[in-house]
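Q: My questions all concern the structure below.
Coordinate-derived values only; no laboratory data. Here the structure is a predicted model, which means the values were calculated and not measured. Virtual Cβ from ideal backbone geometry, glycine too; neighbours counted across all protein chains shown.
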Protein chains: 2
Amino acid sequence: MTDSLDQITSASNPLIKRLRGLERKKNRNETGLFLAEGARLIEQAMAQGWEIETLVVSNTGADRDYVQALCAEAVKSGARVIQVPDRLAGSIARKDNPQAVIAAIRQQDLSLSDLDPSHPGLWIGLYECRDPGNLGTILRTADCAGAAGVLLIEQCCDPYSVEAVRASMGSLFDVRVARTDFAAFNAWRKNAALNIVAASVNGDTRHDGVDFVQPSLILMGNEQAGLPPHIEAECDTLCLIPMRGGADSLNLAQATAVMLYEGWRQRGFS
Amino acid sequence: MTDSLDQITSASNPLIKRLRGLERKKNRNETGLFLAEGARLIEQAMAQGWEIETLVVSNTGADRDYVQALCAEAVKSGARVIQVPDRLAGSIARKDNPQAVIAAIRQQDLSLSDLDPSHPGLWIGLYECRDPGNLGTILRTADCAGAAGVLLIEQCCDPYSVEAVRASMGSLFDVRVARTDFAAFNAWRKNAALNIVAASVNGDTRHDGVDFVQPSLILMGNEQAGLPPHIEAECDTLCLIPMRGGADSLNLAQATAVMLYEGWRQRGFS
């Protein structure tokens, strides 16, 4: 099997350079590709119909049965499969001990019109979320809680960054994610009669006092600044997650989990 | 003010070497010290009575009013205060743009006998938590939810690592943390009649069906392996956090937040 793979051994090979470049957002945007590392993640992507553009196999990994099976499936789906020395795999993954396989995967850019607002799950909106670790973690939690999808509103970090992909633990491939500006988002959700429930320090209702059984979208603000007043003015409910006096604030992903599981609890976890 | 500070300019100065060494657990254990970066965190530590052993001020930071106030307070409390070039501050903080102040702080190692099991809050036990980012995030959430304290059971990561301190956002200085083995922990909680409610894939009760109003400790397992059977056998309740079919698992810190806020909700957030 491994004999049939293209071998690349030079760090200056244009394909290797292009893959290494996917660490940067500019290059991800230009190519429409992003990196995912590890057989489990890549299998999950393929199972969900994501297009593997290139599959990179390390020399150490190439003899393993599960890697050979993954290669065969990738070739069948039209991917280019290459084998590289471990140090080149490490240079693409930016770590000393890379996993046996790394894939360049085609981004799926959904727009609002691709989303069905009548989905029975809760929606999540993130307004200017800036930390890719938070974003990936929120995708993972949204996946676990069967959320309808995650809307990235205005200037959010890139869900296809290495850190977000890693923190999502594969949930990026399962959860519907769309990027939008606030005006388009607000028109979309009004048309669908989705209530916006925003977590806010200005909230006057405790989060567990909100009716999440009606069609709802949980809106979370930026890590540092929360939601600006003009956005809060458009929300149906501003609610407060209780905190002991003197405590600072919850991490954004933690606060989102608390909101989402309270909403889902009210729906009987169905 | 800045004239009175000891100036150190050489990277080979023994004090600088010792501070740089606090990145490693071995050196933290030997010295009983750890690093915290930034005026807000250091002020929080001092306000909570933590001992600042050394305060490092960067040349750029030394002229700022809030830094000078912090230095004065640190000197008064008996700390050694030194001023260093920005590049040395960066070498201690292991980053290019360090904050204006970095402190070496004395660890507070609590044992079980330092904890009051009749504290009205919920307790959290972490069994072999290995990710310092998770641990720091859990400390932050425990602080927000007024938890009684966090018990680190068996081989957990170090709460004084740079990553845990950073993720805790200062909550490390507010939350009572003790390290223990399981046998001692179990004796302590039995003596105090604390129920152990563990999150587990083997749970037969939904987490929101558990009675958290009684004195309770939420026990969370290792990121990869969860709780081993002999530990689960000692728990009063194994509960399940609902997840949609096919989803993988929640991140440990996210799962802990869901458990803790459900427990606190049942207690009326009081």
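Q: Which FRET efficiency, nearest 0.05, do A:Gln48 and A:Asn97 yield, Cβ-Cβ r, R0 22 Å?
A: E(calc), rounded to 0.05, equals 0.25.
Q: Rg (Å, one decimal) plus Dmax (Å, integer) for the alpha carbons of the protein assembly as shown?
A: 24.8, 72
Q: Can you list the distances in nanometres, one decimal and ascending, from the B:Ala47 label point to the identical position in each other copy, with the point 7 Å along Cα to Cβ?
A: 4.8
Q: Same structure again: Which aspartates and glutamates have a Cα lying under 14 Å from the Cα of A:Lys95, excluding residues fewer than 8 positions away in the same chain?
A: A:Lys95 reaches A:Glu23, A:Glu37, A:Asp86, A:Glu163.
Q: Expressed as an acute angle from 0 to 90° and rounded to the nearest 10, what is the orientation of the C-alpha long axis of helix B:132-144 relative to the principal long axis of chain B?
A: It works out to around 80 degrees.
Q: Can you show me the helix-derived [θ] at 222 nm for chain A, built from DSSP H runs with n ≥ 4 at -39,500 (n - 2.57) apiece and divided by the number of residues, rounded to the nearest 500.
A: -10000 deg cm²/dmol
Q: For the stretch B:98-114, take each phi angle, set θ = phi - 60°, evaluate the Karplus expression 6.51 cos²θ - 1.76 cosθ + 1.60, and give the result in whole Hz per residue in order, putting x for glycine and proline.
A: Those phi angles translate into x, 6, 5, 9, 9, 10, 9, 10, 6, 5, 10, 9, 7, 10, 4, 5, 7 Hz.
Q: Place the peptides A:86-93, A:133-140, A:66-73, B:6-13 in order of packing, highest mean first, counting for every residue the other Cβ atoms within 10 Å and averaging per peptide.
A: Sorting A:86-93, A:133-140, A:66-73, B:6-13 by mean packing, highest first, produces A:133-140, A:86-93, A:66-73, B:6-13.
Q: Given the rotation relating B and A, tell me which residue in B puts its Cβ closest to the axis and the distance in Å.
A: So the chain B residue sitting closest to the axis is B:Ala257, 3.
Q: Next question, about the same structure. Mind checking the angle between helix B:252-266 and chain B's longest principal axis? C-alpha axes, 0 to 90 degrees, to the nearest 10.
A: 60 degrees
Q: Okay, next question. Relative contact order for the stretch B:112-266: what percent, with Cα pairs under 8 Å and sequence separation of 6 or more?
A: Over the stretch B:112-266, the number comes to 28 percent.
Q: To continue, here is another question. How high is the relative contact order of the stretch A:2-106, given as a whole-number percent (alpha carbon pairs under 8 Å, six or more residues apart)?
A: 40 percent
Q: For chain A, what log10 I(q)/I(0) values come out of the Debye formula at q = 0.08, 0.10 1/Å, with one point per alpha carbon and no solvent?
A: For chain A at q = 0.08, 0.10 Å⁻¹, log10 I(q)/I(0) is -0.38, -0.56.
Q: By how many nm would the segment from A:Ser10 to A:Ser111 grow when fully extended, if each residue of separation counts as 0.36 nm and the alpha-carbon distance is taken off?
A: Roughly 32.5 nm would be gained on extension.
Q: Treating only the Cβ of Lys, Arg, Asp and Glu as charged (+1, +1, -1, -1), what charge dipole size does the stretch A:2-106 show about its Cα centre? Round to the nearest 20 debye.
A: So the magnitude is around 580 debye.
Q: Another one. Using amide H atoms built in the peptide plane, which far-off residues or other-chain residues are under 5 Å from A:Leu219 H to H?
A: When sequence neighbours closer than 5 places are left aside, the close amide H contacts are A:Gly125, A:Val197, A:Ala198, A:Ala199.
Q: Continuing with the same structure: Using +1 on the beta carbon of Lys and Arg, -1 on that of Asp and Glu, and nothing else charged, what's the dipole of the stretch A:154-200 about the Cα centre, debye to 20?
A: Computed about the Cα centre, the dipole is about 200 debye.
Q: Would you work out the relative contact order for chain B, in percent, from Cα pairs under 8 angstrom that are 6 or more residues apart?
A: Worked out over chain B, it gives 18 percent.
Q: Pop a pseudo-label 7 angstrom from the Cα along the beta-carbon direction at both A:Gln224 and A:Arg130 and give the gap in nm to one decimal.
A: 0.3 nm
Q: Just to confirm the number: angle between the C-alpha axis of helix A:182-191 and the first principal axis of chain A, 0 to 90 degrees, nearest 10?
A: Result, in degrees: 70.
Q: Residue by residue through the stretch B:165-171, which ³J(HN,Hα) values in whole Hz follow from phi under the Karplus form 6.51 cos²θ - 1.76 cosθ + 1.60 (θ = phi - 60°), with glycine and proline marked x?
A: 4, 4, 5, 6, 6, x, 5
Q: Treat each spin label as a single point 7 Å out from the Cα along the C-beta direction, and report the A:Ser118 to A:Ala184 distance in nm.
A: 2.3 nm
Q: Enter the Cα centre distance for the pair the stretch B:37-62 and the stretch A:112-146, rounded to the nearest angstrom.
A: 38 Å
Q: What share of the DSSP beta bridges in the protein assembly as shown is antiparallel, in percent to the nearest 5?
A: Taking every DSSP beta bridge within the protein assembly as shown, about 25 percent pair in antiparallel fashion.
Q: Indicate, rounded to the nearest 5 percent, the antiparallel portion of the DSSP beta bridges found entirely in the stretch B:2-106.
A: Of those bridges, close to 60 percent are antiparallel.
Q: Provide the per-residue ³J(HN,Hα) series for the stretch B:201-215, in order, calculated from phi with Karplus coefficients 6.51, -1.76, 1.60 and θ = phi - 60°, each as a whole number of Hz, with x at glycine and proline positions.
A: 5, 8, x, 10, 10, 5, 4, 7, x, 7, 8, 8, 6, 5, x
Q: Relative to the compact-globule scaling 2.2 N^0.38 Å, provide the ratio for the alpha-carbon radius of gyration of the stretch A:112-266.
A: Compactness ratio reported: 0.94.
Q: Taking a label point 7 Å out from Cα toward Cβ, give me the nm distances from B:Asp181 to the same spot in the other copies, shortest first, one decimal.
A: The projected label point of B:Asp181 is separated from its counterparts by 6.3 nm.
Q: Between A:Met220, A:Met243, A:Met259, which gets the highest mean-square fluctuation from a Gaussian network model of chain A, Cα cutoff 10 Å?
A: The residue that fluctuates most here is A:Met243.
Q: So how far, in whole Å, is the C-alpha centre of the stretch B:153-217 from the one of the stretch A:171-201?
A: Measuring centre to centre over Cα atoms gives 35 Å.
Q: Expressed as a whole percent, how much of the Cα-Cα distance distribution for the stretch A:41-172 exceeds 18 Å?
A: Of the Cα pairs, 60 percent sit more than 18 Å apart.
Q: List the distances, in nm to one decimal, from the label point of A:Asp248 to the label points of the same position in every other copy, shortest first, placing each label point 7 Å from Cα along the Cα-to-Cβ direction.
A: In ascending order, 2.8 nm.
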